[in-house]
Each structure stands twice: as structure tokens, then as C-alpha cells.
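Every number here is computed from the coordinates shown, using simple stated rules; none is lab data. Since the model is a prediction, treat every value here as computed from it, not as a measurement. Ideal geometry is used to build each Cβ from the backbone, glycine not excepted, and the neighbour counts take in all protein chains shown.
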Amino acid sequence: AVVSTQSTGEQQYQIVKNETVFSHASIYGDLVYIFKEPISTFLGHSRSETKPKPASRRNISSRRTAATPDVMLEHLKEKMSRLVAVNSVEAERLDKEIRYHIQTEGKVQEILGEISDQVTASRS
């Protein structure tokens, strides 16, 4: 099968699933997020590079990095920044989604703090 950086996660999964004979293909993660994105979104080098440069020659400062838990949120922010001037409806939808994720993360952190406080208080 041909691996294309422009094919989506869903297309790549179907290729693997169709070619897997002695096992079964599985996919994990936020399928809403990764299924429709081009594979190139998740690659570590730009499309113009034929192969990654050795670490000593990479210009790492030109690439944005994010902690693993923040990758989806950072991707949405980047996508929204590209859409603001082009598609205000889609940019507004992404802004709402970003705010939802930020609020949800805040609630999760608050609940985890309460649980931690209760557990440590019960051990005293």
C-alpha cells in the first residue's frame, strides 16, 4: 500500500485493517480529532524535507512544541489562527471548542485537587 502524507488517519487505518491478515487493526485516541486530519499533521518534519535532518542540524526553535496532554488544544488553536481571516464561522466554532476544552480541563483539575485533599486528609 502507498503511504501518503495527504491521506487521513481514517484512510490509513482502513489500509492497515484491509492488509492485516493474522491479527486485527486497532485505533486509539480521539477519533473525531485524528480521523479527518491529514497524516502530515502528525509527522515530525515538513513536507518539503525528503528525510528528517539529524538532530544536530535541526532548527528546533522554529517548531512549536507542546506537552502531550495539550497537543489537541494547541492544534485547534493553530487551526483557528489560520481560519480567522478566511472562515469566521469555522473559526468561531473552533473558539467555542477551545473554550470548552479549557473549562473542562479546569473542572477536572479542580476535582482532582479535591480528591487529593480528601485522600491525604484521610491518611492523617
Legend entry - D95/V16 FRET efficiency (R0 30 Å; Cβ-Cβ; nearest 0.05): 0.30
Inset, instruction - Compute the FRET efficiency between I115 and E78 as 1/(1 + (r/R0)^6), taking r as their Cβ-Cβ distance and R0 = 41 Å, and round to the nearest 0.05. - result: 0.80
Legend entry - ³J(HN,Hα), Karplus 6.51/-1.76/1.60, whole Hz, each residue of segment 80-85, x for Gly, Pro: 5, 5, 6, 8, 3, 7
